[in-house]
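The values are calculated or read from the model by the stated rules, or taken from the named source; none is laboratory data. Quick caveat: nothing in here was measured; it's all calculated off a predicted structure. Neighbour counts run over all protein chains shown; Cβ positions are idealised from the backbone, glycine included.
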Amino acid sequence: MATQYYTFNLPSVGGDSDAWGTLLNSNWTSLDGILNGTGTHINLDTYTADGMTLTGIASAGFAGDISEAVYDAGTSGAIDIDAANGTIQTIDMTGDVTITSSLTTGQFITLRITSVGSSTVAWPVTMEWLFGLEPALNSTETNWVGVWNVGGTLYGSYTGYSS
């Protein structure tokens, strides 16, 4: 049986002989509403991310919570930030870190950087920082950095630190 993505009424072959017209008219009316934006909202809760890409979404409403994936990005060496791993990424430093980025335009991640001590973080050379300066990370507290890509340019903002 075909996968049903919308809540259309599927007639049973041989079982709905007198209802086909009503069921199909209901489906076409529903589809017309979805396509012209006047119909009922599509319930995203019924979809899985496997093999499905939503593009051109102007807005989306959610009833309930939104959970973001948290990813342990590493502790030292070259660390690539990639939104496919999670939108919150953690680095518990044990040595110097060199950040690289696989973010594409429109993607954003939050970095939590801990245990900096005397280690350093090298950011991508072409990265642009709000207020023009890359952050001086707090050596003993939890640092928070937002990183995003717009039009191929990587931007960063040091949110601050928490204890």
Return the total of residues in the range 101-111 being among the β-branched types (Val, Ile, Thr) and surrounded by 14 or more Cβ atoms within 10 Å (Cβ to Cβ). 2
Under 9 Å by Cβ, and 6 or more places apart or on different chains, what pairs join a residue from the range 120-144 that is more than 20 Å from Thr94 (Cα to Cα) with one that is surrounded by 12 or more Cβ atoms within 10 Å (Cβ to Cβ) and at pLDDT below 95? Met127/Glu134; Trp129/Pro135
Selection within the range 77-111 - closer than 21 Å to Tyr161 by Cα, hydroxyl-bearing (Ser, Thr, Tyr) and not in a loop (DSSP other than H, G, I, E, B): Thr90, Thr98, Thr110
Reported set for the range 112-129 where residues are among the hydrophobic types (A, V, I, L, M, F, W, C) and either part of a strand (DSSP E or B) or loosely packed, with under 12 Cβ neighbours inside 10 Å (or both) is Ile113, Val121, Ala122, Val125, Trp129
What number of residues in the range 131-150 are modelled with pLDDT of 95 or more and under 26 Å from the mean Cα position of the chain (by Cα)? 10
